[in-house]
Amino acid sequence: MPRDGQYAAWFRTPRGEGTGIVYLENGKISGGDCMFAYGGSYEVEDNRFTATLTTRRYADGPTTVFGCDEVEALLTGKFNGNTAVCSGTARQAPDVRFEATLFLQQEPPPAPAPKPPPAHADLARLPKIPSDRRTATQFGNKRFG
């Protein structure tokens, strides 16, 4: 079961909730949201994992869901298919319980091949419309002439 990849993250504490993108690759965590960069590391054993997640502000806005900007959260969790659920606390806010759910982002299917352009019509090969009335009548079209 793959563990590495890009995950959409939903997280919450009693102080609020938020979303972000988390990348897991070879024991390293990276990612962020519109105000914070995430970093850290993780270890996996069977379906369980432990992680240390840090945040660093890079844009103005409200504080993290912990109530302070820069945190180091210690998390434990479990993978279940394409989802991971974890919880823990930050050293800077030990009384604030943190919960997160990660959703593995699937590779989009390949784009369909472009349709070939329509075949070129050779107008010279079309039958000619008769120019005289007698021939037009033979074709069953009374409007000519």
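Of all residues being out of contact with any Phe, Trp or Tyr (no Cβ under 9 Å at 6 or more places or on another chain) and at negative phi in segment 4-37, which is surrounded by the most Cβ atoms within 10 Å (Cβ to Cβ)? Just the residue, please.
33
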- Query: Can you find even one residue in segment 121-143 that is out of contact with any helix residue (DSSP H, G or I) (no Cβ under 9 Å at 6 or more places or on another chain), of a type in the set (A, V, I, L, M, F, W, C) and at pLDDT 80 or above?
  - Reply: no
- Out of segment 49-67, which residues are surrounded by fewer than 13 Cβ atoms within 10 Å (Cβ to Cβ) and either closer than 23 Å to residue 3 by Cβ or of a type in the set (A, V, I, L, M, F, W, C) (or both)? 59
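Looking at the structure I just gave you, is residue 121 of a type in the set (A, V, I, L, M) and either surrounded by 13 or more Cβ atoms within 10 Å (Cβ to Cβ) or within 21 Å of residue 4 (Cβ to Cβ) (or both)?
Numbers: of a type in the set (A, V, I, L, M): yes; either surrounded by 13 or more Cβ atoms within 10 Å (Cβ to Cβ) or within 21 Å of residue 4 (Cβ to Cβ) (or both): no.
Answer is no for this residue.
Could you say which residue among 46, 4 is at pLDDT below 95, under 16 Å from the mean Cα position of the chain (by Cα) and of a type in the set (D, E, K, R)?
Details: 46 fails: under 16 Å from the mean Cα position of the chain (by Cα).
4 is the lone residue from the list that is at pLDDT below 95, under 16 Å from the mean Cα position of the chain (by Cα) and of a type in the set (D, E, K, R).
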- State yes or no: is residue 100 outside any loop (DSSP other than H, G, I, E, B) and either over 30 Å from residue 78 (Cα atoms) or modelled with pLDDT of 75 or more (or both)? yes
- Query: Would you call residue 70 exposed (fewer than 12 other Cβ atoms within 10 Å of the Cβ), free of Cβ contacts under 8 Å to residues at least 40 places away in the same chain and not hydrophobic (A, V, I, L, M, F, W, C)?
  - Reply: no
- Task: Keeping to segment 38-47, report how many residues are closer than 18 Å to residue 6 by Cα and exposed (fewer than 13 other Cβ atoms within 10 Å of the Cβ).
- Result: 1
- Within segment 88-112, residues more than 17 Å from residue 17 (Cα to Cα), charged (D, E, K, R) and over 15 Å from the mean Cα position of the chain (by Cα) come out as 91
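Rundown of residues vs (1) part of a loop (DSSP other than H, G, I, E, B); (2) modelled with pLDDT of 95 or more, yes/no style:
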position: 21; (1), (2): no, yes
position: 31; (1), (2): no, yes
position: 34; (1), (2): yes, no
position: 55; (1), (2): no, no
position: 61; (1), (2): yes, no
position: 70; (1), (2): yes, no
position: 76; (1), (2): no, yes
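So if I check each of 130, 116, which one is free of Cβ contacts under 8 Å to residues at least 60 places away in the same chain, loosely packed, with under 12 Cβ neighbours inside 10 Å and more than 19 Å from the chain's Cα centre (by Cα)? Give the derivation first.
Details: 130 fails: loosely packed, with under 12 Cβ neighbours inside 10 Å.
Selected residue: 116, the only one of 130, 116 that is free of Cβ contacts under 8 Å to residues at least 60 places away in the same chain, loosely packed, with under 12 Cβ neighbours inside 10 Å and more than 19 Å from the chain's Cα centre (by Cα).
The values are calculated or read from the model by the stated rules, or taken from the named source; none is laboratory data. A quick note: this is a predicted structure, and the numbers were derived from the prediction, not measured. Please note: Cβ atoms are built from the backbone with ideal geometry, for glycine as well, and neighbour counts cover all protein chains shown.
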